[in-house]
Structure formats: structure tokens, C-alpha cells
Amino acid sequence: MKRYLTAGDFPEGTPLNRFLAWNEARLQRDRRYVVARDIHRLLDRFGGTEAAVETCVAHLTQSPVIAWRWFRWMRLRPGAAEPVPASPAASAARTLIEALRAACGNSDMAAHAAVFRAFEALEALVGLDRLAATRPSIGPSRLSPGPRRILVIKLSALGDFIQALGPAAALRRHHADDRITLLTTRPYAEFARQTGYFDEILIDRRPRLFDLPGWLTLRGSLRAGRFDRVYDLQTSDRSSFYAWLLRPGQRPQWSGIARGCSHPHADLDRDAGHTIDKQAEQLLMAGVFPVPLPRCPVPVQALPPALAGRDFVLLIPGSSPRHLAKRWPPAHYGVLAGRLHAAGYVPVVLGAPNEQAIAATIIATCPAAIDLTGKTDLAALAGLAAQAAFTIGNDTGVTHIAAAGGNPVVVLFSRASEPARCAPRGGSVTVLSRPVLADLAIETVFDAAQAAVGNRKDEAVAVRSGL
């Protein structure tokens, strides 16, 4: 009996392993899954020779070799496949076949990305939905050939928005000739403009359930964009519902978790992973690879006069008022600020306007510290992080900005959140975790910061020395 392609043909935890496992658990399968299994079955049926490859190319681009299929049953058309003349579609089909063969048993992410990129290239020329039908047929692609209109959805919160900057950079590179629009909420609009990743910004006012005028306004904005593809980086119930706002009419391609979307993030365990890893895998399955770590590519602003020419350290002692367990005691930050000042650094306290009482506690213990609480926008925060010696902060959005600045960051976690799923990532991030943050010793935090700075200096010396 001829064997079908299964998740077990790829190493555990790799994108194609997850993609096939996701499809194997569903009744409604992704068209790429169906086509990949067809390729594998035909190669197996015809001995995996060069002639078998040409048979697959003919099936994908010229005349289907498969008459019909139903679950594990398949009937082939009688007779040999006709020779395939050279064409862009034939070249794309051969690339897909070779990429799929190379990815089997391969744990290299690039090999898996090559398969999804090859699907994208073929689908730009051939209608994959028709090839994946019960009775396969050949038809032209329905995708627009020219510059495309792309929508990226990222609404909130601050830490999540910063973590989406890596995917945004990858999308800007991948869609260099296309027009990219961001749908976001008002607090992040100006910062998003300054990144240079987006050609247009749409504001989502997040209408409430029974706010019919608000929903109609949002629907009008989305439909007016006439988007060819949507990358939903929010992947929430709300953002997935936006796919239905585009009905009736032809829906754009959709990368996310919306029901029936064209490019699902096909991972049965997607909620268990880190946000950055989930987004990278989601984009890989849409043909976008690689995805860099978040960076804040905004213009660096001039430092406040009190910091110009001095080594300074950022302290981020706040968090969402709903998550007070994420806060290391302000008194601990005050003592730490004194230690840092004695070591030659200027402590700088950052936070939201409603965290000024926290800053006051720190300043009372260390009068040499500078209080910028409530005095910086997101771009200014990014500029400070890019020039600070290092940052020490709680699990909050501003700490993600600091990590994206590339300099060392020490982030403090309590049992209120799981570092493996949401810790900041950047050039040098150290995570310190205690079930109750009050139990985290000041000396431990100070030593971790000094070690991080020392490691960064050692790396810089090694680079200059060519080691």
C-alpha cells in the first residue's frame, strides 16, 4: 500500500510537523496540506525518479494526474502524463517538489520555510484551491499580480505591540514593493509611524458589542482598503471577527486563527509558546522568513541635559495596576538606585503618570536619581533605552521597549506571569524570577545587572579583536 505524507515525516516540533498534525486533527484541511500529500503520494507511486518529478509537475501545472481523492482513497487517470513545457509555473512546481523532499526528516527551519515560500510562489501562478478539490483541476491564480495591499492588525497591549516589531520588520522586507497598512489603537499610532514599517495607519476605536455605528465605521474602513492579504498579529477573538466584517464579497488572504482563513497558524499547541515564537511560526507558514527579534527603529532623540555625557541606568518599577504582584517593592528599587549611583551610574526612573508615587519613594531613598515618570512618549523611551548602559525593570511594556533597544536588560518576574511565554527578548536579557517578588534580594538584582554589563563588554572586546 502506498504511504501518505504524515506529521511523523518531519522532526517533532518543526513547522511542517505542526502543520500536518493540525490538519490531521481536522475535517476541513488546508489546500497546501492536500497538495503536499498529493506530491508525496505521486512520487512514491512512480518511484521517486526524475520521471516521477515530471509527473508531479504535470499534475500541478498542466493536467491533473489524480482523477479524484476521498480521504485515503485516490484514483489516478489512465495513461502517462504529457511532457511539461518550460514555464514559470513549471519552475515553481519543481521548486516546491524539491523543497518538500528536502524538508522531510530535516529540523532546519530554513528548509521548512522554503516549502511554504514555494507554495506562495506556485499559488501566485496556479489556483491551489482547485488542485486541492475532490476532483482536482487546473486554473489560473486568483491573486492580484501587481503591488498588493497588505493589512497588519496589532491592537494592544504595549509589550505585545513591541514584540510585534520583529514581525513588522520581516513583513516590510517581504512586501518591499507592496503597500502596508497597520490597524492599531490610538496609543501606538504615532510610534508606529516613526518605525517606517507602515505606509498608512488606521485607528481601531474598538467598538463595544452593541455599538452598531462603531462597527459599521470599522467595517467601512476595512472594506475601503481593498486588502489582498491580512496578517493578524493580534490573533484574538476580536481580531478574528474582523475577517467576517469583510463579507460579502471576495475575502482577502488571511494569516491568523480566524475560522476558514487562507493561511492559518496551524499549531495545535500555539498557546503554549512564547509570543515571539508564535508570530515567527505564523509568518513562516505564510511564506515570510526569517523574523528578527524586535528592534525600535525610531529616530534617537537628544538626551535630557542631566544625562548628556553620563552613564545612566533605566529603572522601570511599575506595572499595570491590575497586576500589582508584578511589582518589585519600590523601597527595593530605592536601595538599588543608591547602589547603582555609588557604582558610577545615574539612575533614571521611568513609568506612567499614575506611577509617580512609586518614583517618589525611590527618589526619597536616592535623591541623585532622575525622575522621568510620565514625561516620555514611546519614541523617547526607545531613544533612552538605546543609549542606556542597562535597564532593570518589572514585567511590563516599557521593559519590552528597553529590550528592543539592544542593551542589557534585567527583568523581574513573579508567579503572576510565565517568562517562557512572555519575557522580553533582545540582544541581552536576563530573567530573575521568584514566586513573590519581595523575596528577590537587592544584591541578586545588582549582581545580575553588573554581570550583564560585563558580558556585553567582553563581547564587544571579542568583536574588536576578531575572536
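Loop by DSSP (not H, G, I, E, B), at most 10 other beta-carbon atoms within 10 Å: where is the longest site-free stretch of the chain for chymotrypsin sites (Phe, Trp or Tyr not before Pro)?
Excluding the exposed sites themselves, the longest stretch runs over 211-467.
What whole-number value in cubic angstrom gives the convex hull volume per residue for the C-alpha atoms of the stretch 222-324?
Convex hull volume per residue, Cα atoms: 206 Å³.
Tell me which residues come under 5 Å, amide H to amide H, from ASN394 once H is placed; ignore anything under 5 positions away on its chain.
ILE316, GLY318, LEU412
Relative to the first principal axis of the alpha-carbon coordinates of the chain, what is the inclination of helix 378-387, with its axis defined by its Cα atoms, in degrees from 0 to 90 and to the nearest 10?
That works out to roughly 80 degrees.
Accessible area per residue, 1.4 Å probe, Å², for the stretch 1-104: what's the number?
Normalised by residue count, the accessible surface of the stretch 1-104 is 50 Å².
Take the Cα gyration tensor of the stretch 1-106, multiply each eigenvalue by 5, square-root it, and list the three semi-axes largest first, rounded to whole angstrom.
In descending order, the three semi-axes are 23, 16, 12 Å.
Based solely on C-alpha atoms, express the radius of gyration and the Dmax of the stretch 343-467 in angstrom.
14.9, 48
Ignoring ligands, DNA and RNA, please state the percent of accessible area on the chain from carbon and sulfur, probe 1.4 Å.
It is 55 percent, rounded to a whole number.
Accessible area per residue, 1.4 Å probe, Å², for the stretch 249-288: what's the number? It would help to have the intermediate numbers written out before the result.
Details: 1390 Å² over 40 residues.
Value for the stretch 249-288: 35 Å² per residue.
At 25 °C and 0.890 mPa s, what whole-number value in µm²/s does Stokes-Einstein give for the translational diffusion of the chain, with Rh from the Kirkwood sum over Cα pairs? Could the numbers behind the result be given before it?
Values: Rh = 24.7 Å.
The estimated diffusion coefficient comes to 99 µm²/s.
Just flag the trypsin sites (Lys or Arg not before Pro) in the stretch 301-339 sitting in loop per DSSP whose Cβ has no more than 13 other Cβ atoms within 10 Å.
When the trypsin sites (Lys or Arg not before Pro) of the stretch 301-339 are filtered for loop state and at most 13 Cβ neighbours within 10 Å, ARG310, ARG322 remain.
Which translational diffusion coefficient, to the nearest whole µm²/s, is obtained for the stretch 121-171 from the Stokes-Einstein equation, given a Kirkwood hydrodynamic radius over C-alpha pairs, 10 °C and 1.306 mPa s?
114 µm²/s
Compute the FRET efficiency between SER141 and THR49 as 1/(1 + (r/R0)^6), taking r as their Cβ-Cβ distance and R0 = 22 Å, and round to the nearest 0.05.
Values: r = 29 Å, r/R0 = 1.32.
So the FRET efficiency works out to roughly 0.15.
So what is the accessible area of the stretch 164-209 per residue, in Å², with the probe set to 1.4 Å?
48 Å²
From the helices alone, meaning DSSP H stretches of at least four residues, give me the mean residue ellipticity at 222 nm for the chain, per-run term -39500 (n - 2.57), in deg cm²/dmol to the nearest 500.
Numbers: 18 runs with 196 residues, N = 467.
Result for the chain, helices only: -12500 deg cm²/dmol.
Which values, in whole Å and largest first, are the semi-axes of the equivalent ellipsoid of the stretch 390-457 obtained as the square root of 5 times each eigenvalue of the Cα gyration tensor?
Working: eigenvalues 65, 46, 14 Å².
So the equivalent ellipsoid measures 18, 15, 8 Å along its semi-axes.
What's the whole-number percent of alpha carbon pairs in the stretch 88-210 lying beyond 23 angstrom?
In whole percent, the long-distance tail amounts to 51.
The values are calculated or read from the model by the stated rules, or taken from the named source; none is laboratory data. Computed from a prediction, not measured in an experiment: that's the story for all the values here. Because the Cβ atoms are built from the backbone with ideal geometry, glycine has one as well, and the counts that use them run over all protein chains shown. The accessibility values were calculated without ligands, DNA or RNA, using every heavy atom of the protein model including side chains. Shrake-Rupley method; radii C 1.70, N 1.55, O 1.52, S 1.80 Å.
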